[in-house]
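Encoded as structure tokens, the structure appears first; notes follow it.
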Amino acid sequence: MKTTIEPFRIKSVEPIRWTSRAHREALLRAAHYNLFLVSAGDVLIDLLTDSGTGAMSTHQWAAIMEGDESYAGSRSFDRFRASVQEIFGYAHVIPTHQGRAAERILFSVMCKKGDVVPNNTHFDTTRANIEFVGAEAVDLPIAEGQQPARVHPFKGNMDVAALEELIGRVGRERVPLVMLTITNNSGGGQPVSMENARAVRAVCRRHRIPLYFDACRFAENSYFIKLREPGYDSRSPKQIAQEMFALGDGCTMSAKKDGLANIGGFLCTNDDVLAAQETNLLILTEGYPTYGGMAGRDLEAIAVGLQEALDEDYLKYRIASTAYLGNHIAGHGVPIVQPPGGHAIYIDARAFLPHVPPAEFPGVALANELYLEGGIRSVEIGTLMFGAAARMDLIRLAIPRRVYTQSHIDYVIEVILEVWKRRDRIQGLRLTEEAPFLRHFTAQLEPVQPVRAG
Ligand code: F0G
């Protein structure tokens with residue numbers, strides 16, 4: 001069959017709310033032209049993030065009822081740890097309330113001022129947690145990963161020669177760990193190949209530097225390897241994940257992505273000494289080692305979710321449905337980061353709105369138009385988020401897991417193409433209020449030309 005269908009039927013539904021264009025104009029004005037400040041109830045299709053926004057399965061909900069809320073030694077933790085260890089294979093599993101808590105603990109223990117942490121591309125919380133301890137976060141993506149229109153099967157790869165050069169330049173003793181983010185979120189949801197992970201590990205081994213994975217979207221990455229890397233088509237996504245994690249010494253994980261849970265995360269390591277230090281920090285801020293920052297029921301949802309995320313029918317649908325959106329709009333000329341990523345489609349707003357200069361926030365302008373046209377919420381990744389340092393102005397349409405059907409996505413395509421038709425009439429914005437850091441969350445803006453009513 002040609003059609004890839006959702007490999008589930010729907011047992012519980014959540015209504016979504018229509019608003020009129022006039023109402024959305026008023027809502028956007030009241031939100032100072034910043035979609036973070038719009039209430040979720042006034043959004044029809046919410047593509048702000050794929051993090052914690054997925055739908056759980058009947059098996060997850062059933063497991064939640066089995067949650068053991070004991071403070072110490074809960075059965076739910078045993079099930080959680082067994083599920084994590086089966087896939088990831090690391091000796092120590094430290095539960096945290098979400099990915100960034102795992103990052104904070106890892107970098108507090110492993111990094112100090114003056115250290116350098118290489119990664120294919122750091123996610124923003126990862127970078128912030130490294131900088132918080134006074135270390136430097138260095139992105140080393142391959143050259144192809146920095147060109148939106150360029151097609152490459154593993155655009156998330158790390159530049160191995162650049163890694164070798166960096167270690168040589170700053171000295172091995174200043175590099176406490178190397179990280180690989182799978183998939184590479186900030187680089188467009190692009191996968192990392194097994195071959196690249198092996199090459200990175202070889203460099204790490206030679207210099208005796210530990211390798212850690214930022215594993216948030218490991219299942220999607222495994223499926224891309226199955227589809228695209230020679231020698232992997234007959235391996236299961238789980239076998240591929242196991243092979244990849246065996247190359248590392250540990251990982252951080254946000255279970256809000258490929259854990260198919262609404263909250264949760266963990267930190268893994270094979271190092272007994274580090275694990276003891278990490279556990280001490282965990283107790284200080286997250287919780288006792290058998291629950292971390294989570295309830296017993298959260299541990300249960302993740303134990304089941306991690307396994308479901310590796311299901312081949314699910315991954316086939318997941319990757320196909322993201323590509324469906326990307327390929328349809330690209331087919332009509334909309335400039336996207338190619339090829340479509342695993343969890344999101346990124347539109348190149350500078351190419352979409354060439355008449356809006358970066359200083360007038362083309363990404364914000366485009367995201368706002370998609371909201372005005374059809375009640376769709378996306379997020380700018382560009383000049384508002386990163387300031388003048390932004391190399392690109394993109395908007396990300398992140399697809400929550402198992403939430404929207406193909407007709408929702410057909411609607412999103414229609415809205416984007418409507419906006420594409422009248423793109424030359426879209427104007428930029430200027431800032432009226434901004435916070436000293438992470439300004440995109442709270443910034444207030446206004447159109448550069450006053451908007452006429454009606
Ligand atoms: N690493 C990556 C690659 C991520 O994408 C995220 C979160 C984190 C770490 C942090 O995990 O949110 O559980 O603390 N990404 C979300 C997003 C927020 O929208 O891409 P967290």
Within the stretch 58-308: Cβ-based charge dipole about Cα centre, in debye rounded to nearest 20 (Lys, Arg +1; Asp, Glu -1): 420 debye
Local electrostatic count, D271, Cβ distance below 14 Å [Lys/Arg +1, Asp/Glu -1]: -2
Net lengthening on full extension, V403/K421 (0.36 nm per residue, minus Cα-Cα): 3.7 nm
Net charge, A82 excluded, C-beta distance under 15 Å - Lys, Arg +1, Asp, Glu -1: -1
Residue exposure sequence - R174, R21, R377 - by fewest surrounding Cβ within 10 Å: R21, R174, R377
Over the chain, relative contact order from alpha-carbon pairs under 8 Å, at least 6 apart, %: 23 percent
For the stretch 58-308: relative contact order, % (alpha-carbon pairs under 8 angstrom, 6 or more apart): 32 percent
Charge-dipole axis of the chain as Lys and Arg at +1 and Asp and Glu at -1 on Cβ define it, positive-most pick from P340, Y317, P450: P450
Per-residue Cβ neighbour rank within 10 angstrom, fewest leading, T3, T53, T383: T3, T53, T383
Mean Cα-pair separation over length for the stretch 308-436, i.e. relative contact order, pairs under 8 Å, 6 or more apart, %: 27 percent
Distance between modelled label sites at S234 and F132, nm, 7 Å Cα→Cβ extension: 4.7 nm
Point-to-point label distance, H23-M65, nm (Cα→Cβ direction, 7 Å offset): 3.6 nm
Charge dipole (debye, nearest 20) of the chain; +1 at Cβ of Lys and Arg, -1 at Cβ of Asp and Glu: 600 debye
Mean residue ellipticity (222 nm) of the chain, computed from DSSP H runs ≥ 4 via -39,500 (n - 2.57), nearest 500: -12500 deg cm²/dmol
Sorted by Cβ neighbour density within 10 Å, fewest at the top, the residues V170, V151, V93: V151, V170, V93
Simple Cβ-charge dipole of the stretch 74-145, Lys/Arg +1 and Asp/Glu -1, about Cα centre, in debye nearest 20: 420 debye
Counted charge near R174, where neighbours are those whose Cβ lies closer than 13 Å (Asp, Glu -1; Lys, Arg +1): +1
DSSP beta bridge pairing in the stretch 58-308, given as percent antiparallel to the nearest 5: 50 percent
DSSP bridge pairs, the chain: antiparallel proportion in percent, nearest 5: 65 percent
Cβ-Cβ FRET estimate between M1 and A162, R0 fixed at 60 Å, reported to 0.05: 0.85
Residue range of the chain that is longest and free of chymotrypsin sites (Phe, Trp or Tyr not before Pro) which are both DSSP loop and sparsely packed (at most 12 other C-beta within 10 Å): 72-436
Pair D124, N280: separation of 7 Å Cα→Cβ label points (nm): 3.4 nm
Cα lying deepest toward the dipole's positive end in the stretch 58-308, options H152, G259, V117, charges on Cβ: H152
Positive-end extreme of charge dipole, the stretch 58-308 - chosen from Y291, V138, S186 (charges on Cβ): V138
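Quick note: the coordinates plus some simple rules give every number you see, no bench work behind them. Just so you know, these numbers come straight off a predicted model, no measurement behind them. When we count neighbours, we look across all protein chains shown, and the Cβ atoms used for this are built from the backbone with ideal geometry, even at glycine.
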